[in-house]
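Take a look at the structure below.
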Amino acid sequence: MGVNPDLQGRTYPPTEPYVVGREKIREFAAAVQATHPAHTDLAAARDLGYADLVAPPTFLVTLAQRAEAAVVADPDAGIDFSRVVHADERFTHRRPAVAGDELLGATTVESVKSLGGHTMVTTATEITTTGGEAVSTVRSTLLVRGEDA
Amino acid sequence: MTELSKGDSIGSTTVTLTRADLVRYAGASGDFNPIHWSESTARSVDLPGVIAHGMLTMGAAVQLVTDWCGDPGAILDYQTRFSAMVPVDEAGGATLTVSGKVGKIDDDAGTVRIDLSVTDAGHGDAKVLTKAQAVVRVSEGTAA
């Protein structure tokens, strides 16, 4: 079974609320070798004008991948995860996520394109606060390898 | 930032990744795909061995931009394509070379685009990220 082309335009319900924690920011920053003190030291973050510890630029992948999982899990999608390769990723931030934010991620399938036996599935996950403030958009493209490729 | 010109270097740095770094990133990100920690699983799907998460390479490479601009929250947009896998040897790990240069200056928006180059020294300087671009706010801008 191939990827269902009708997936394009489909929006999935948002994730459960995700509370950005200071220790999670510190843990993620250490994992990506992000050494700026605003990720770990509250005074340094506040000196830059932020309310709390600042998440590294790619931190929201943690929430975005939870939201994107709804697409792969959709029995109607026809995506075999063992054939998936991550092709590209993009973060567009209105503001950085900071500790204390309570966020939701809702994924829409922007496009489904066939390419030489493979399929490129591009999703856009809108990250908002539970209060409705837009925070970031996370775009991701998965390349689903064809059965014969 | 008027002294900046397109093509100016913002410097370069080296990122080293070990198997332990991959496990740490798996835990921090929640991406437990076994191709990033299990040699036998990686080989069973025709990979040369355990490979780094693309998102780990992307996340680590942007530190050069943060060091340059001094504020991780000033990075408004960051994108890349993943163009080569990064095998992480059990003994020797992987060593990536990251360099950046000014790709575009937008005075109206008050932003500068930094174009990153990320290559894998242990594998023929393979270009592991393509179109890796970070848009950084450097001033309030002049747009109405």
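A few notes on this one:
- Matching residues in the stretch A:5-26 - criterion: being under 30 Å from residue A:114 (Cα atoms), open to solvent by less than 30 Å² (accessible area, probe 1.4 Å) and not aromatic (Phe, Trp, Tyr): A:7, A:15
- Residue list for the stretch B:64-122, filter: within 14 Å of the chain's Cα centre (by Cα) and either on the phi > 0 side of the Ramachandran plot or among the charged types (D, E, K, R) (or both): B:67, B:77, B:81, B:101, B:115, B:120
- Of the residues making up the stretch B:59-114, those that are touching a residue at least 60 places away in the same chain (Cβ under 8 Å) and charged (D, E, K, R) are B:90, B:101, B:104.
- Residues of the stretch A:109-127 that are within 14 Å of the chain's Cα centre (by Cα), surrounded by 19 or more Cβ atoms within 10 Å (Cβ to Cβ) and among the polar types (S, T, N, Q): A:123, A:125.
- Note on the stretch A:38-47: residues that are open to solvent by 60 Å² or more (accessible area, probe 1.4 Å) and either in contact (Cβ under 8 Å) with a residue 24 or more places away in the chain or within 17 Å of residue B:62 (Cβ to Cβ) (or both) total 1.
- Within the stretch B:15-31, tally of residues that are within 11 Å of chain A (Cβ to nearest Cβ) and not in a helix (DSSP H, G or I): 5
- Any hit, the stretch A:28-46, residues being in contact with an Asp or Glu (Cβ under 8 Å, 6 or more places away or on another chain) and closer than 18 Å to residue A:66 by Cα: no
- Output for the stretch A:67-97, where each listed residue is at pLDDT 95 or above and facing chain B (nearest Cβ under 8 Å): A:87, A:88, A:89, A:90, A:91, A:92, A:93, A:95, A:96
- Of all the listed residues (A:63, A:53), the sole one being open to solvent by less than 70 Å² (accessible area, probe 1.4 Å), within 12 Å of chain B (Cβ to nearest Cβ) and more than 30 Å from residue A:145 (Cα to Cα) is A:53.
- Within the set B:56, B:76, B:96, B:47, the sole residue that is under 22 Å from residue A:140 (Cβ atoms) and at pLDDT below 95 turns out to be B:47.
- Evaluation of residue B:40 against (1) free of Cβ contacts under 8 Å to residues at least 40 places away in the same chain; (2) within 11 Å of chain A (Cβ to nearest Cβ); (3) open to solvent by 50 Å² or more (accessible area, probe 1.4 Å) (one fails), failing number: (2)
- Those residues of the stretch B:1-14 which are open to solvent by 60 Å² or more (accessible area, probe 1.4 Å) and away from every other protein chain (no Cβ under 14 Å), in sequence order: B:1, B:2, B:3, B:6, B:9, B:12
- Test: residue in the stretch A:8-22 that is away from chain B (no Cβ under 13 Å) and of a type in the set (S, T, N, Q): yes
- Test: residue in the stretch A:27-35 that is facing chain B (nearest Cβ under 9 Å), acidic (Asp, Glu), open to solvent by 10 Å² or more (accessible area, probe 1.4 Å) and over 15 Å from residue A:140 (Cα atoms): yes
- Unmet criterion (only one of (1) exposed (fewer than 14 other Cβ atoms within 10 Å of the Cβ); (2) of a type in the set (A, V, I, L, M, F, W, C); (3) modelled with pLDDT of 95 or more) for residue B:17: (1)
The values are calculated or read from the model by the stated rules, or taken from the named source; none is laboratory data. Please read these numbers as outputs of a predicted model, since none were measured by experiment. Cβ: placed from backbone, ideal geometry, glycine included. Neighbour counts: every protein chain shown. When the accessible area is computed, the model is the full protein with side chains, heavy atoms only, and any ligands, DNA or RNA have been set aside. Shrake-Rupley method; radii C 1.70, N 1.55, O 1.52, S 1.80 Å.
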